[in-house]
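Quick notes on the structure that follows.
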Amino acid sequence: MTAADGHRLVVERAHVASSHVADDRVVIADGEVLLRVDRLALTSNNVTYAVLGEALRYWQFFPTGDDATGTPPAWGTTTVVASEHGEVAVGERWYGFVPVATHAVVRPGRVDDGGVVDASPHREGLAGAYQRYQRLDADPLHDEATTDLELLHRPLFTTAFLLDDLLADAGAMGAPVRTVVLTSASSKTATALAHLLARRADVVVVGVTSRGNLEAVRELGLHHHVLAYDALADLTTLDGPSVLVDLAGRSDVVAGVHERLGDELVSSLVVGVTHHDATDGAPPPAVGPEPTTFFAPSRASQRARDWGPAELEQRIAEAWRPFVTWVAPRLVVREVDGLAAGAEAWSALVRGDVDPREGVVVLPGA
């Protein structure tokens, strides 16, 4: 049995703005692996994980032992520092779902050349997309030169890729989509989706954001129209089917888009809750389709069945390369050392007090 002393971020589930750094004694048993978390990204996506933690079981990945609290998950790179598993060697470097903490414990089930799948009992039944850890030396998307961009954008880009794939699927949408309206247009998921949609000449992309972020979104050059949340009366679409992709989670904005587009709106997809403090349990919009939650792992599982897992990974990698070239000069990466600084970054994200042109990467053990 191997143990290590570390730290983790602990958040109150019912009030995600309340958090603190706690001591963490990590122990591995036979068949388990101890990971040191080297780098992890904090974005508004992590806040979404926390806000939807109960509904989508995100709190179950890294339990604290207290049902009132949880450690938010993030995407990070790790190093195996101890192994009680015969197919995993100390020193291996992995990418995957990690706690906002200095260490993580994984119980490898399926092991292959590309990576491992966690088979820890408390993860049973959770989405498979979050269970796999990629060995970095066999990862088709990984490039050491762009590691931080991968941490900040890769999971969000993957969600965007799967959304773009769904929006291009006329069978799933009921008709070819002509207009896509993105709320929280300054968010990294919305930016990645707008970049993918910009490849299509027959789709109008409308970004909706706060007044403070209007110029930042316009500077991206990806949208046909950029509107503030309080200017939905100016919403312009092409004639024909429209889709709302909601990453803000603001019921008033969703209702406003529904009222403006009416019968043109064929689908209303709930993807994120960057404005988590604006969620108020309001009833569904009175006009248009009922909003439905887009769960990226479900679409990924479907495409893995349709194309095969290797083909899915390859398609994502091919779409990723031009995106990372485009985004690199547009994003300032800010490294923060240690979990105490990481906790401050978490609080800023929860408040929405983060420049969309900035990306935060935490070095938990620094």
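Results for (1) farther than 22 Å from residue 141 by Cβ; (2) at pLDDT 95 or above; (3) aliphatic (A, V, I, L, M); (4) surrounded by fewer than 20 Cβ atoms within 10 Å (Cβ to Cβ), shown as yes or no for each residue.
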{"residue": "34", "(1), (2), (3), (4)": "yes, yes, yes, no"}
{"residue": "37", "(1), (2), (3), (4)": "no, yes, yes, no"}
{"residue": "51", "(1), (2), (3), (4)": "yes, no, yes, no"}
{"residue": "64", "(1), (2), (3), (4)": "yes, no, no, yes"}
{"residue": "71", "(1), (2), (3), (4)": "yes, yes, no, no"}
{"residue": "75", "(1), (2), (3), (4)": "no, yes, no, no"}
{"residue": "79", "(1), (2), (3), (4)": "no, yes, no, yes"}
{"residue": "84", "(1), (2), (3), (4)": "yes, yes, no, yes"}
{"residue": "89", "(1), (2), (3), (4)": "yes, yes, yes, yes"}
**Asked** Which ones in region 334-366 are surrounded by fewer than 19 Cβ atoms within 10 Å (Cβ to Cβ), touching a helix residue (DSSP H, G or I) at 6+ places or on another chain (Cβ under 7 Å) and within 25 Å of residue 162 (Cα to Cα)?
**Response** 357
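With the structure loaded, tell me whether residue 270 is over 24 Å from residue 351 (Cα atoms) and touching a strand residue (DSSP E or B) at 6+ places or on another chain (Cβ under 7 Å) or whether it fails that test. I'd like the intermediate steps shown before the answer.
Values: over 24 Å from residue 351 (Cα atoms): no; touching a strand residue (DSSP E or B) at 6+ places or on another chain (Cβ under 7 Å): yes.
The answer is no for residue 270.
Residue-wise test of (1) over 24 Å from residue 298 (Cβ atoms); (2) polar (S, T, N, Q); (3) buried (at least 19 other Cβ atoms within 10 Å of the Cβ); (4) touching a Leu at 6+ places or on another chain (Cβ under 9 Å).
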{"site": "116", "(1), (2), (3), (4)": "no, no, yes, no"}
{"site": "123", "(1), (2), (3), (4)": "no, no, yes, no"}
{"site": "132", "(1), (2), (3), (4)": "no, no, no, no"}
{"site": "138", "(1), (2), (3), (4)": "yes, no, no, no"}
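Mind listing whichever residues of region 91-110 are over 16 Å from residue 61 (Cα atoms), at pLDDT 95 or above and over 19 Å from the mean Cα position of the chain (by Cα)?
To start, the set of residues in region 91-110 that are over 16 Å from residue 61 (Cα atoms) comprises 91-94, 110.
Applying the additional criterion that residues be at pLDDT 95 or above yields 91-94.
Of everything in region 91-110, those that are over 16 Å from residue 61 (Cα atoms), at pLDDT 95 or above and over 19 Å from the mean Cα position of the chain (by Cα) turn out to be 91, 92, 93.
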**Request:** Collect the residues in region 44-91 that are under 16 Å from residue 295 (Cα atoms), in contact (Cβ under 8 Å) with a residue 60 or more places away in the chain and part of a loop (DSSP other than H, G, I, E, B), keeping them in residue-number order.
**Result:** 52, 56, 57
**Message:** Just checking: which of the helices (runs of 4 or more DSSP H) contained wholly in region 206-321 hold 3 or more residues that are at pLDDT 95 or above, touching a helix residue (DSSP H, G or I) at 6+ places or on another chain (Cβ under 6 Å) and surrounded by 16 or more Cβ atoms within 10 Å (Cβ to Cβ)?
**Reply:** none
**Message:** Residues that are polar (S, T, N, Q) and closer than 12 Å to residue 77 by Cα: list the strands (runs of 3 or more DSSP E) wholly contained in region 104-159 that include at least 1 such residues.
**Reply:** 132-135
**Prompt:** What single numbered condition from (1) in contact (Cβ under 8 Å) with a residue 12 or more places away in the chain; (2) small (Gly, Ala, Ser); (3) within 26 Å of residue 269 (Cβ to Cβ) fails to hold for residue 328?
**Reply:** (3)
**Request:** Read through the list (1) buried (at least 22 other Cβ atoms within 10 Å of the Cβ); (2) in contact with a strand residue (DSSP E or B) (Cβ under 8 Å, 6 or more places away or on another chain); (3) under 26 Å from residue 331 (Cα atoms), then give the number of the only condition that residue 167 fails.
**Result:** (3)
**Request:** Would you please name the residue that is surrounded by the fewest Cβ atoms within 10 Å (Cβ to Cβ), looking only at residues in region 1-32 that are in a loop (DSSP other than H, G, I, E, B) and under 26 Å from the mean Cα position of the chain (by Cα)?
**Result:** 14
**Item:** region 2-27 residues that are in the same structural domain as residue 338 (by TED's automatic domain parsing) and over 19 Å from residue 61 (Cβ atoms), paired with ones that are outside any strand (DSSP E or B) and among the small types (Gly, Ala, Ser) (beta carbon under 8 Å, 6 or more apart)
**Value:** 17/347; 20/343
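The values are calculated or read from the model by the stated rules, or taken from the named source; none is laboratory data. Since this is a predicted model, take the numbers as computed values, not measurements. Because the Cβ atoms are built from the backbone with ideal geometry, glycine has one as well, and the counts that use them run over all protein chains shown.
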